[in-house]
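S.K.: My structure is below; once you've seen it, I'll send some questions.
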Amino acid sequence: MTVAELIQRAWRRWDILPGPMQFLRVLLLRLRGAQVGAGTWLPRVLVPWPHQLSLGQRCIIEPDVYFKYDGFWTPGPSIQIGNRVFIGRNTEFNITGGITIGDDCLIASGCTFVDGDHGMAPDRPMNEQPLNRAAIVLEENVWLGAQCVVLKGVRLGRGAVIGAGSVVTKSVPAGEVWAGTPARRLKQAA
C-alpha cells in the first residue's frame, strides 16, 4: 500500500467519525446561515446555499448528500427537514421551489428529489422554456427505498412506503405501499 493510499484511508476513517470534523462542519454551516438541530450527524455533504437548509434534531445524513437549491435570493429555508430523519448516501435534492420532510422519515441511498421541470412548447428552444415548479412534501414516518425519484408536486402521506427504484409522479395517500416506474399502489401498509 502506498503512502498516498494510507493517507486517503486514514482521512476517510477520520471523516466519518464524529468529533472535531463533525463539530467544524456543523459550525461552518451554521455560520453560513443553515439551521442544524442538536445531535444531527452531518458528514461530508454539499450545500451551496446553507441559508436555505433547515435540519431538525437527531438527524443522520450520510456522506455525499447534495442539497442543491436554485433560488439563492429567496428568504428563509426552502429545504426543511424534520427531526430524526435518515438520509442515505448519494441522495440529491435538486430544489427550485421547496421541499418539506416530516419527522421520522427514512430515505435510502441514491434517491433524487426534483421539484421543477421545463415546458415543452414546440415553437421555443429548450433553453428558453419556462420552469414549472411545485413543492414536494413528505409527511411523517415516510420510507423511501434505494434509488427512488420523487418529482414535482408530489405529497407522500403519513406512513407511506415507496419501493426501491420507483419513480413517484403523483401524490401517495397515507399508509399505502407504492412501487414501480411510474409508481403505482401495491397495498395498504400494515
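S.K.: With 10 Å bins from zero, work out the P(r) of the chain over every alpha carbon pair and list the percent per bin.
M.R.: Histogramming the chain at 10 Å steps yields 10, 34, 32, 18, 6, 1 percent.
S.K.: Residue 44's amide H: which non-local residues (gap 5+, or another chain) put their own amide H closer than 5 Å, with H modeled 1.01 Å from N in plane and none for Pro or chain starts?
M.R.: Here 64 satisfy the definition.
S.K.: Working from Cα positions, state the angle (0 to 90°, nearest 10) between the long axis of helix 20-31 and the longest principal axis of the chain.
M.R.: Tilt of helix 20-31: around 50 degrees.
S.K.: Would you compute, from DSSP H runs of 4+ residues alone, the mean residue ellipticity of the chain at 222 nm, taking -39500 (n - 2.57) per run and dividing by the full residue count, rounded to the nearest 500?
M.R.: Per the formula, -4500 deg cm²/dmol.
S.K.: Taking amide hydrogens as modeled 1.01 Å from N in the peptide plane, which residues meet the under 5 Å criterion relative to residue 83, leaving out close sequence neighbours?
M.R.: 57, 103, 104
S.K.: Quick check on the stretch 138-190: what are the equivalent-ellipsoid semi-axes from the Cα gyration tensor, as sqrt(5λ), descending, whole Å?
M.R.: Rounded to whole Å, the semi-axes are 14, 12, 10.
S.K.: Amide H to amide H, which residues 5 or more places from residue 112 or on other chains are under 5 Å from it, using H placed in the peptide plane?
M.R.: 92, 148, 149, 150
S.K.: Right, here's the next one. For residue 118 paired with residue 184, estimate the spin-label separation in nm (one decimal), with each label point 7 Å from Cα along the Cα-to-Cβ line.
M.R.: 3.1
Readers should treat all values here as calculations from the given coordinates under stated rules, not as data from a laboratory. Because the structure is a prediction, the values reported are computed rather than measured. Heads up, the Cβs are rebuilt from the backbone with ideal geometry, glycines too, and the neighbour counts pull from every protein chain shown.
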